[in-house]
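Trainee: Structure provided below as structure tokens; questions to follow.
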Amino acid sequence: MSKTTRPHGIVNLYWVTTDDHDEDWFILAKTRRAAESCHIEYEGYEPGDARAELILRTGAHPIPGPIPRHAQLEDLQTLGFEILNPDPNGRSVRRNGRTFLEGHLESMVAEVRDDVHESTGKGRPWGTSRRREN
């Protein structure tokens, strides 16, 4: 996958999902196919597993940086999203009344790791909150 730097180029924002919803998140890309391919390659899915939904075209708010790539919270703020939860273990954002929740696999793995470390007196190195009793 080739990435190009577009300091002032027009890019589309896609919401990319899979059937398991473990890694759902936004991809900045020129095309739907590029967004799906980026997600598949980065997250380790099989071809055809990801579906990209066009959320908006960034023409009015050009986003600098290489594309395709995962959108960062700063990108989403620039595009008018409300950040509901900035925690990297379960980010969520809202735009035009629609809430988007990051895939859960990474957040669940981090929480389990923290639970194990905490049970051995080593604290919560991944910084998650305890949601259940150990």
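Trainee: Just one of (1) of a type in the set (Lys, Arg); (2) touching a residue at least 12 places away in the same chain (Cβ under 8 Å); (3) loosely packed, with under 15 Cβ neighbours inside 10 Å trips up ARG32, so point out which.
Mentor: It is condition (3) that ARG32 fails.
Trainee: Restricting the search to the range 60-89, which residues are among the polar types (S, T, N, Q) and without any contact (Cβ under 8 Å) to a residue 24 or more places away in the chain?
Mentor: Those that are among the polar types (S, T, N, Q) and without any contact (Cβ under 8 Å) to a residue 24 or more places away in the chain: GLN72, GLN77, THR78, ASN85.
Trainee: State whether the residues of the range 109-128 include one that is under 29 Å from TYR14 (Cβ atoms), among the polar types (S, T, N, Q), at pLDDT 75 or above and assigned to a loop (DSSP other than H, G, I, E, B).
Mentor: Checked against the condition, which is being under 29 Å from TYR14 (Cβ atoms), among the polar types (S, T, N, Q), at pLDDT 75 or above and assigned to a loop (DSSP other than H, G, I, E, B), the range 109-128 yields no hits at all.
Trainee: Among the residues of the range 9-21, write down those that are crowded, with 16+ Cβ neighbours inside 10 Å and more than 19 Å from ARG94 (Cα to Cα). Before the answer, list the steps.
Mentor: Start the filter on the range 9-21 by keeping residues that are crowded, with 16+ Cβ neighbours inside 10 Å, which leaves 11-18.
The answer is VAL11, THR18.
Trainee: Working only within the range 70-93, note down all residues that are crowded, with 18+ Cβ neighbours inside 10 Å and in contact with a strand residue (DSSP E or B) (Cβ under 7 Å, 6 or more places away or on another chain).
Mentor: ALA71, ASP75, LEU76, LEU79, PHE81, ARG91, VAL93
The values are calculated or read from the model by the stated rules, or taken from the named source; none is laboratory data. Just so it is clear, the model here is predicted, and its values are computed rather than measured. Reconstructed Cβ throughout: ideal geometry from the backbone, glycine too, with neighbour counts over all protein chains shown.
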